[in-house]
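A.B. asks: Here it is, the structure in full.
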Amino acid sequence: MDIRHFLTFRTIVDVGSYTNAAKKWGYTQSTITSHIQALEREIGGELFTYIRRELQLTSLGKELIPMADELLDTYHRITQMKNHDKVSGELKIAAPESLTISRLGPILREYTTKYPDVTIIVSNGTCGQNQKDLMSGLVDIAFMVWPKLEIDHCIHHQLHKEEIVLIASPKKKRHFDEYKGTDEYFIANEDGCSYRTMFETYLVQNQIPTFQTMELWSLEAIKQCVMSGLGFSVLPYVTVKNEVENGLLNILEHNEQFEPIYSHLLVKSKKSLSPAVQKFIELTLEAV
């Protein structure tokens, strides 16, 4: 078996097609096809199939993923043995926007000062997407803002208890009860955001009439709309601390008992972590 065949297989799983895998590695599509055909001959069955013209993993392909990941991880560690004391390479981090702008800045600044030979790539997505990217091998580290977690196949560090607050313009009503049953807008992150889901679930469970929802693409856009008086929002306090302290936003009083939410750091369970990943985890835990 050729290690390139496993790398090609894992790339197709990540990018979703033979064509995209060929573009990523600069191969022709026929080369990608030959890699998979050779791997299928060795394993004794098809790894991919097409359903309604969409590429899908077969049951054999799904079974191969964790073994291919282990093999590729071992191969990567072997190639890095000559530089085992040097912190270098590429570090891919997935984090929700709320943590990127409020928690990660100082950690990244210290990390890049200490380890300038590491190339850092940070992507922002919902917590669910960040976890998915971690488990599929697209990133090395994932951050989540979520209630308490129990996740298989992950090393998990709970970081901060994140205070979730209801915010509005100082010119508007000051208690959340005054918003219930009105046509006020709930200005929210994209669907799948953990604290949005928590708030909307709370409304349903407590038979509180839901609000008109305005979904925006960034925290800054949400804060600007709330400051203009357009509606209210639900955000981690750490993301609005400066605006609250400067009188630009007001924290609404309320009697609700929301589910506690925490920030978390996750990495896939492995026998060993790369020096780049290990040093980032150490700096993150020191900052808690």
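The values are calculated or read from the model by the stated rules, or taken from the named source; none is laboratory data. Not measured: the values here are computed from a predicted model. Using ideal geometry, Cβ is built from the backbone for each residue, glycine included, and neighbour counts are taken over all protein chains shown. Each accessible area value is taken on the protein alone, full model and side chains, heavy atoms only, with ligands, DNA and RNA left out. Shrake-Rupley method; radii C 1.70, N 1.55, O 1.52, S 1.80 Å.
A.B. asks: For the chain, what is the mean residue ellipticity at 222 nm derived from helices alone (per DSSP H run of n ≥ 4: -39500 (n - 2.57); sum divided by total residues; nearest 500 deg cm²/dmol)?
C.D. replies: Using -39500 (n - 2.57) per qualifying helix, the result is -13500 deg cm²/dmol.
A.B. asks: What dipole magnitude, in Debye to the nearest 20, does the range 1-47 give about its Cα centre under +1 on Lys/Arg Cβ and -1 on Asp/Glu Cβ?
C.D. replies: 200
A.B. asks: How much accessible area per residue does the chain have, in Å², with a 1.4 Å probe?
C.D. replies: Heavy-atom accessible area per residue stands at 54 Å².
A.B. asks: Same structure, new question: Determine the relative contact order of the range 161-234: mean sequence separation of Cα pairs under 8 Å and six or more apart, normalised by residue count, in whole percent.
C.D. replies: So the answer I get is 49 percent.
A.B. asks: While we're on this one: Tell me the relative contact order for the chain as a rounded percent, counting alpha carbon contacts under 8 Å between residues six or more apart.
C.D. replies: It comes to 21 percent, rounded to a whole number.
A.B. asks: So which trypsin sites (Lys or Arg not before Pro) in the range 118-207 end up in coil per DSSP with only 13 or fewer other C-beta atoms within 10 Å?
C.D. replies: Counting only loop positions with at most 13 other Cβ atoms within 10 Å, the trypsin sites (Lys or Arg not before Pro) in the range 118-207 are K148, K171, R174, K180.
A.B. asks: About its Cα centre, what dipole magnitude does the range 164-256 give when the only charges are +1 on Lys and Arg Cβ and -1 on Asp and Glu Cβ, stated in debye to the nearest 20?
C.D. replies: In total the dipole reaches around 240 debye.
A.B. asks: In addition: Ignoring any ligand, DNA or RNA, what whole percent of the accessible area of the chain comes from carbon and sulfur when the probe is 1.4 angstrom?
C.D. replies: Carbon with sulfur: 49 percent of the solvent-accessible area.
A.B. asks: Additional query: Just to be sure I understand the model, the point goes 7 Å from the Cα along the line to the Cβ. What's the resulting S123 to R52 distance in nm?
C.D. replies: For the pair S123/R52, the computed spacing is 2.4 nm.
A.B. asks: Determine one quarter of the surface area of the Cα convex hull of the chain, which equals its mean projected area, and express it in nm² to one decimal.
C.D. replies: 18.5
A.B. asks: Of the options A287, M135, Y111, report the single residue whose Cα projects farthest towards the positive end of the charge dipole of the chain (beta-carbon charges: Lys, Arg +1; Asp, Glu -1).
C.D. replies: Selected residue: Y111.
A.B. asks: Additional query: Given Cα pairs under 8 Å that are at least 6 residues apart, what percent is the relative contact order of the range 1-123?
C.D. replies: Averaging sequence separation for qualifying contacts and normalising by length gives 20 percent for the range 1-123.
A.B. asks: Roughly how big is the chain's charge dipole about its Cα centre, with Cβ charges of +1 (Lys, Arg) and -1 (Asp, Glu), in debye to the nearest 20?
C.D. replies: The dipole magnitude comes to about 640 debye.
A.B. asks: Related question: If I stretch the segment between S17 and S218 completely, what's the gain in nm (0.36 nm per residue apart, minus their alpha carbon distance), one decimal?
C.D. replies: 69.3 nm
A.B. asks: Further question on the same structure: Estimate the FRET efficiency between I155 and Q257 by the formula 1/(1 + (r/R0)^6), using the beta-carbon distance for r and 25 Å for R0, to the nearest 0.05.
C.D. replies: In this case the efficiency is close to 0.20.
A.B. asks: Have a look at the range 183-231 and give its Rg and Dmax from the Cα atoms, expressed in angstrom.
C.D. replies: Radius of gyration, then largest Cα-Cα span, for the range 183-231: 11.0, 30 Å.
A.B. asks: Continuing with the same structure: Work out the charge dipole of the chain with +1 on the Cβ of Lys and Arg and -1 on the Cβ of Asp and Glu about the Cα centre, then indicate which of N206, I155, Q37 is farthest towards its positive end.
C.D. replies: Farthest along the dipole direction, towards plus: Q37.
A.B. asks: Further question: Can you compute the FRET efficiency between S59 and E178 using 1/(1 + (r/R0)^6), with r the Cβ-Cβ distance and R0 = 35 Å? Round to the nearest 0.05.
C.D. replies: Working from the Cβ atoms, E equals 0.05.
A.B. asks: I would also like to ask the following. Gain in length, Y75 to Q207, computed as 0.36 nm per residue apart minus the alpha-carbon separation, to one decimal in nm?
C.D. replies: Gain in length upon complete extension: 42.1 nm.
A.B. asks: Could you give the nm distance between label points at K24 and S272, where each point is 7 Å from its Cα heading toward the beta carbon?
C.D. replies: Roughly 2.5 nm, to one decimal.
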